[in-house]
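Every number in this text was worked out from the coordinates using simple rules, so none of it is lab data. Remember, predicted model here, so these are calculated numbers, not experimental data. Cβ placement follows ideal geometry from the backbone for every residue including glycine, while neighbour counts extend to all protein chains displayed.
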Amino acid sequence: MRIGFYQFAPRFGQPEHNLETLLDGVSGAQADLIVAPELALSGYLFTRREEVEQMAEEIPGPSTDRLTLAAAGSNCHLAVGMAERSGSSLFNSAVLVGPKGVVGVYRKVHLFHEEKLYFSPGDRGFPLFEIDGVKVGLLVCFDHFFPEAARTLALQGAQIICHPSNLVLPEYGQLTTRVRSIENRVFWILANRYGTERRGGKSLTYSGCSQITAENGEVLARAAETGDSLTVIKVDPERARNKKVTDRNDLFADRRVQLYRWE
Ligand code: ACM
């Protein structure tokens, strides 16, 4: 299976431009699955909820229709972060689109900092989707801080975790996602953005370094801190079905759930 990421720097408040950039960036990629950053269509640094309302879309909607056309044209799946409107609620979502349309949506469960002013936390847990028989889960950025999120996907059988991100704390995400790969034996596609957004006296710099990790923790690909990067590699997702660390250790069978605390 050919998997990858498209790292770029969305421009705040220019969804049309960002969608075009993304579609241009992934065209001709020869991939089965490509992941793009969090809030890749709107940008990230909102100053008012009305700005999110203006740019959020229903899913399916016009942008996912355009993504579907692109996915059909290149026979590929795209996982893209976008602001979702559902009734009067706004979610920081990741959508998985394939050649036949929207395959599924994940609504970010763990909202970061000022996202709590603008978005509702995800209300549907951690759903699992399938691409040609390969089980795929979605997480969004700050979710990487919560090992329970990746574990919940892995326990359902996820082989690949797609992780649209706008990371602002340098190196944390690249480190934790590598650990999450090891502790769950899953492949991980971290698609981060780069660049600086400045709005309303605020400023955020995103850390780039998008990364693909194998189920054994090997870093298979990594982008630079800045700059657009379409990166696609070949992996065997079957490897993520094997949870054995040694002949006597199976990551899931060895858990001692009766001794763990969840709260
Ligand atoms: C983040 O969750 N965008 C840091």
Subtracting the Cα-Cα distance from 0.36 nm times the residue separation, let me have the gained length for R2 to K244 in nm, one decimal. 84.7 nm
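So how strong a dipole does the chain carry about its Cα centre when Lys and Arg Cβ are +1 and Asp and Glu Cβ are -1, to the nearest 20 debye? Before the final figure, lay out each step's value.
Values: 30 positive and 32 negative charges, 126 e Å.
Here the chain has a charge dipole of around 600 debye.
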Non-local amide H neighbours of K244 (under 5 Å, H modeled in plane, Pro and chain starts lacking H): which ones? L251
Quick one: grab the alpha carbon gyration tensor of region 78-151, order the square roots of its eigenvalues as a ≥ b ≥ c, and give me rounded if a/c is under 1.5, else prolate or oblate depending on whether a/b is larger than b/c. oblate
Determine which residues of region 41-85 fall in the zone a paramagnetic label at R198 would reach in this model, i.e. backbone nitrogen under 19 Å from the point 7 Å along Cα→Cβ. 43-48
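Which FRET efficiency value, to the nearest 0.05, is calculated for R48 and V219 with the Förster distance at 35 angstrom and r the Cβ-Cβ distance? Working shown, then result.
Numbers: r = 39 Å, r/R0 = 1.11.
With R0 = 35 Å, the Cβ-Cβ based efficiency is 0.35.
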PRE zone check, label point 7 Å out along Cα-to-Cβ of K116, amide N under 20 Å, scope region 76-94, hits 89-93
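GluC sites (Glu not before Pro) within region 56-110: which are DSSP loop residues with at most 15 other Cβ atoms inside 10 Å? Walk me through the intermediate numbers first.
Values: sites: E57, E58, E84; in loops: E58.
Taking region 56-110 and a limit of 15 other Cβ atoms within 10 Å, the loop GluC sites (Glu not before Pro) found are E58.
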Applying the Karplus parametrisation 6.51 cos²θ - 1.76 cosθ + 1.60 with θ = phi - 60° to the phi angles of region 240-248, what ³J(HN,Hα) value in whole Hz is obtained for each residue in order, glycine and proline being reported as x? 7, 7, 8, 9, 7, 9, 9, 4, 9
Ascending count of other beta-carbon atoms within 10 Å, so fewest first, for L96, L128, L220: L220, L128, L96
Under a point-charge model restricted to the Cβ atoms of Lys and Arg (+1) and Asp and Glu (-1), what is the dipole moment magnitude of region 137-245 relative to its Cα centre, in debye to the nearest 20? 120
Beta bridges per DSSP with both ends in the chain, % antiparallel, nearest 5: 70
